[in-house]
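Q: My questions all concern the structure below.
Taken together, the values in this text are just the output of simple stated rules run on the coordinates, not laboratory data. Predicted, not measured: the structure shown is a model, and the values here were computed from it. Here the Cβ is made from the backbone with ideal geometry for all residues, glycine too, and neighbour counts use every protein chain on show.
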Amino acid sequence: MLKDKIEKHLLEIQKPSRYIGGEVGSVIKDKSKVDVRFAFCFPDTYDIGMSHLGMKILYSLTNERENYWCERCFAPGLDFEAIMRENDIPLYALESLDPIRDFDFIGFTMQYELSYSTVLNMLDLAGIPIFAKDRTNELTQIVVAGGPCVCNPEPLADFFDLFILGEGEEVNLELMDLYWEMKQQGADRISFLRRAAQIGGVYVPQFYEFSYKEDGTIAKVTPKEGAPAVVKKRIIKNFDQVYYPENFVVPFTEIVHDRVSVEVLRGCIRGCRFCQAGFIYRPFREKSTDTICRETRCLCENTGYDEVSLASLSTSDHFDIDNMLTKLIEYTEGERINLSLPSLRVDNFSEALLEKIKRVRKSGLTFAAEGGTQRLRDVINKNVSEEEIMSTCRIAFEGGYSAVKLYFMMGLPTETDEDIVGIAELAQRIVDLFYSIENRPKGRGVQVSVSCATFVPKPFTPFQFEPQDTREEIERKQKLLLDSVKTKKIKVSYHDPNVSQLEVILAKGDRRLCQVIYAAWKKGCKFDSWSEHYHFDKWLEAFAECGVDPAFYANRRFGYDEILPWDHLDYFVTKDFLIRENKTAHQSVTTPNCRLKCSACGVSKEMGGACFDKGKSCF
Amino acid sequence: MIRVRAVFEKKGRAKYISHLDLNRCMLRTFRRSRLPIWYTEGFNPHPYYSFALALSLGFESNCEIMDFNITDDNMSMEEIRDRLNAVMPEGMRIVSAAPQRLKITAITSARYSFSLVTEDAAGLFEAVKTTLAQPELLIEKKTKKGIKTVDIRPDMKVISCEATDTGVDMVMDLPAGTQTNYNPTLFVEVLKKFTQIPFTAEKFCRTGIFCENNEIFS
Ligand code: SF4
């Protein structure tokens, strides 16, 4: 039995409870009564993957169906991987401890580009052919992927049988239903894929042929086998009523987000022009306060967690935020539960609510300012003014805080040295503000942390056409920022520009990258998001060997009329709108948020009606 | 307020829950049970519960001890036990809940069973006998003050030692409690000095916790 083989080695590795299942809340079924088995794979370690909300939702949802069984699977740490390879332990799922190669579906969630090489490693560990074309024509082992990254799935196209675009709550079950129906009829893989391609939201990459122009850009994308020319993403129309789990798997070992997480809204009204989530998850939909409170209570009681956090892109944009927080705080305080409130703007709250939030909020104060000057913030449509930043900092300092963390991006479109120096100046004004406040926290100095990421242009954003700064340029700007900071009260940190460069290539790449990813994995690349495992030199070798120029994807401006690798996928936001927004950005003009004024991005047309009615979301 | 002492099992997959993780795991178990557990007072109140002895990662046990307080004086021990068992993770079970009788400091020793597995069962059995016949068994033990050489033989009480088809099954008592704690792996370490025969030690299980005069701690 595989279990005995695994257990033989568990005490030789770190945190063994991650590899043996048995957690409270995990779902065990009788194999003989199950028709379709789905291995939900997260291409990173347990600690990261178990924190992912989407997995929790789809896990519970699938397992509600008696004859379907969804299990979890993560990438093993390097220590366990070595043992697995040495002892012929194939990658297995945590509920049954059965090898995932025997499953009907092997589904990956693609949350970040730097996990692509890990997918290949997991398929290899599982003993599943890495290229879709090498898999048997039998109806089994269907390798699928979903998640935000598959809005441009082309760099992964050769490895997957199909991609699921948009939200999985409905389409996942439709796929499994079709599979079970065809399995009973004795159908083969190709005929299943042909019919699957007719389901809304399902993209079967082998049915699309790409041809290229001499300059390397795409000439044409031709659908085959009756597959639709354009595949539309799936979306949940009645968000307040959508399935939400009543229980989570509660891990023994500590994970990154070790708490109950309740989704309060999906999508975002803001339209920051660099933010992919802000566009691909449209329209903005919110749950009612009653639903949020009920789900919070239910999950806290069933899991035993004493911490709950609200999941959303911007919690403060909830239409009933005051009332919702008041009710939640009432419940969590009574039950001695910690309420954590990430992504919360506090500038427009009432005194009374602010008092309550201060009581429950332990984390420091963070701000995503993103740009160092108002001009640049207008370019990126980050609707936060310096006044707001200052007034929130004032409230925070008066309330006893003495540390502020600011997030910025470097290499944004139209950015000049003035904008970089502006970051340092803004941080300095916050330091000055602190010392100007009479009732500031005594006995402590102020600490302003400035964290700078490198801008990564992403598909389905108005900046999808933009080039990324070269590494040399980013390094010059980083140095300029460091030189502009004049006090130890401001601490600057930034990301490795080599990492951001790979991110943009994988985000905006096309099918020709599949070979590069394969070559990089062959050279040992995996866990690229872990700085200690990141080997940019190996990636560069892989690019060179495959004859692919990284700069073509990273540092080239994509034309408005160019066929982009993701143009045949429809995320409801039209390309015309993205072009319009791109032009507006270059004029430093902002676009109002969706609640204030609709900018006709194309989403409401797909939804069949306006997104908002009297300030409340319609879906 | 009732002061409760629970005896619980930690078996099967639960043996991979580390001591640190066990703390978190019990906190959530208490919350799921919704028992009125007593919270500490002060700046950062938290539910109070404590374990008598730490158990090594990978060891099973029949007899782990956990103390806590229940604020409802009218609650029966059976109810406390059953409500916890209804929400315990797989492999863990409250065997009994009873009022706390002795102080934790009364613990003097613990009993362990384990198996030595080898190709050469007879040879290993001889080696175990030779080892046990030594007047002293010196090992290097890490303490807070650095590495120290100690003789574990006088404090080691062999309860049984049987040859099996696959090796040797052993049961022994070792000092435990707030003063000295010996782990049965210390014996395994020493045995390796007396024999070249390759073997592995497995199925470690704590089977009893005792105080003076071999009385079962409760
Ligand atoms: S259609 Fe209008 S309101 Fe709806 S998401 Fe697009 S811009 Fe916002």
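Q: If you take the beta carbon distance between A:Arg476 and A:Glu138 as r and set R0 to 51 Å, what does 1/(1 + (r/R0)^6) give as a FRET efficiency, to the nearest 0.05?
A: Once the sixth-power term is evaluated, E becomes 0.35.
Q: State log₁₀ I(q)/I(0) for the protein assembly as shown at q = 0.05, 0.09 Å⁻¹ as given by the Debye formula over alpha-carbon point scatterers of equal weight, solvent excluded.
A: -0.33, -1.04
Q: If exposed chymotrypsin sites (Phe, Trp or Tyr not before Pro) are those in a DSSP loop with at most 14 other Cβ within 10 Å, what is the longest stretch of chain B that has none?
A: For chymotrypsin sites (Phe, Trp or Tyr not before Pro) (loop position, at most 14 other Cβ atoms within 10 Å), the longest site-free span of chain B is B:49-218.
Q: In chain A, which helices (entire DSSP H runs) extend 27 Å or more along their own long axis, judged by Cα positions, while averaging at least -0.5 on the Kyte-Doolittle scale?
A: Correct list, ordered by number: A:417-436.
Q: Let me know the charge dipole size of the range A:364-495 about its Cα centre in debye, to the nearest 20, where only the beta-carbon of Lys, Arg (+1) and Asp, Glu (-1) is charged.
A: So the magnitude is around 680 debye.
Q: Please order A:Asp240, A:Asp537 by the number of other Cβ within 10 Å, starting at the fewest.
A: A:Asp537, A:Asp240
Q: Once you've got the GNM for chain B with C-alpha springs shorter than 10 Å, pick whichever of B:Asp169, B:Asp82, B:Asp72 has the biggest mean-square fluctuation.
A: B:Asp72
Q: Now a separate question. What is the calculated FRET efficiency for A:Ile190 to A:Ser385, with r their C-beta to C-beta distance and R₀ = 35 Å, to the nearest 0.05?
A: Efficiency, from the Cβ-Cβ distance: 0.05.
Q: Continuing with the same structure: By counting other Cβ atoms within 10 Å of each Cβ, how are A:Leu193, A:Leu480 ranked from fewest to most?
A: Lowest count first: A:Leu480, A:Leu193.
Q: Which value, in debye to the nearest 20, describes the size of the charge dipole of the protein assembly as shown about its Cα centre when Lys and Arg Cβ atoms bear +1, Asp and Glu Cβ atoms bear -1, and nothing else is charged?
A: Roughly 1460 debye, rounded to the nearest 20.
Q: For the range B:2-101, take N as its residue count and report Rg(C-alpha) divided by 2.2 N^0.38 Å.
A: Scaled against compact globular proteins, the figure is 1.02.
Q: Taking each pair of different alpha-carbon atoms in chain B once, compute 1/r for the pair, average those values, and report the inverse of that mean as the Kirkwood hydrodynamic radius in Å to one decimal.
A: After inverting the mean inverse Cα-Cα distance, the result is 19.0 Å.
Q: For a quick check of your reading of the filter: which trypsin sites (Lys or Arg not before Pro) in the range B:76-183 sit in a DSSP loop and have no more than 13 other Cβ atoms within 10 Å?
A: Loop-located and lightly packed - B:Arg101, B:Lys103, B:Lys144, B:Lys145.
Q: For the range A:2-232, what does the equivalent ellipsoid look like in terms of its semi-axes, each the square root of 5 times an eigenvalue of the Cα gyration tensor, given largest first in whole Å?
A: 30, 21, 16
Q: Note down the nm distance, to one decimal, between modelled labels 7 Å out along Cα→Cβ at B:Gln134 and at A:Arg444.
A: 5.6 nm
Q: Run the numbers for A:Leu540 and A:Ala600: contour at 0.36 nm per residue of separation, minus the present Cα-Cα distance, in nm.
A: Separation in residues times 0.36 nm, less the Cα-Cα distance, equals 17.5 nm.
Q: Give me the percent of Cα-Cα pairs in the range A:364-495 that sit more than 27 Å apart, rounded to a whole number.
A: That tail contains 20 percent of the Cα-Cα pairs.
Q: Let me ask something else. Give the distance, in whole Å, between the Cα centre of the range A:440-454 and the Cα centre of the range B:1-35.
A: Here the answer is 40 Å between Cα centres.
Q: Follow-up. Just want the answer: with Cβ charges of +1 for Lys and Arg and -1 for Asp and Glu, which residue in A:Ala75, B:Ile2, A:Phe248 is farthest toward the dipole's positive end in the protein assembly as shown?
A: B:Ile2
Q: When chain B is treated as a GNM, springs tying every alpha-carbon pair under 10 Å, which of B:Gly58, B:Gly123, B:Gly208 comes out with the largest mean-square fluctuation?
A: Result for chain B, Cα springs under 10 Å: B:Gly123 fluctuates most.
Q: Take the Cβ-Cβ distance between A:Asp567 and A:Val27 as r, set R0 to 45 Å, and report the resulting FRET efficiency rounded to the nearest 0.05.
A: Step by step, r from the Cβ atoms, then E = 0.70.
Q: For the range A:539-619, go through all pairs of different Cα atoms, get the mean of 1/r, take its inverse, and jot down that Kirkwood value in Å.
A: Taking every pair of different Cα atoms in the range A:539-619, averaging 1/r and inverting gives 15.8 Å.
Q: Can you list the GluC sites (Glu not before Pro) in the range B:77-157 that are in a DSSP coil and have 11 or fewer other beta carbons within 10 angstrom?
A: Listed in order of number, the matching sites are B:Glu119, B:Glu136.
Q: Viscosity 0.692 mPa s, temperature 37 °C: Stokes-Einstein D of the range A:457-567 from its Kirkwood Cα radius, in µm² per second?
A: 211 µm²/s
Q: Is it possible to state the helix-based mean residue ellipticity at 222 nm for chain B, with each DSSP H run of 4+ residues giving -39500 (n - 2.57), the sum divided by total residues, to the nearest 500 deg cm²/dmol? What is it?
A: Mean residue ellipticity at 222 nm (helix-derived): -6500 deg cm²/dmol.
Q: Which residue, chosen from A:Ala403, A:Leu120, A:Gln468, occupies the Cα position most advanced towards the positive end of the dipole of chain A, where the dipole is computed from +1 (Lys, Arg) and -1 (Asp, Glu) charges on Cβ about the Cα centre?
A: A:Ala403
Q: Which three lengths, in whole Å and largest first, does the range A:116-173 cover when its Cα atoms are put on their principal axes?
A: Cα extents, longest axis first: 29, 25, 17 Å.
Q: Using alpha carbons only, how many degrees (0 to 90, rounded to 10) separate the axis of helix B:185-194 from the longest principal axis of chain B?
A: Relative to chain B, helix B:185-194 is tipped by roughly 0 degrees.
Q: Can you give the convex hull volume of the alpha carbon atoms of the range B:105-216 per residue, in Å³?
A: Normalising the Cα hull of the range B:105-216 by residue number yields 102 Å³.
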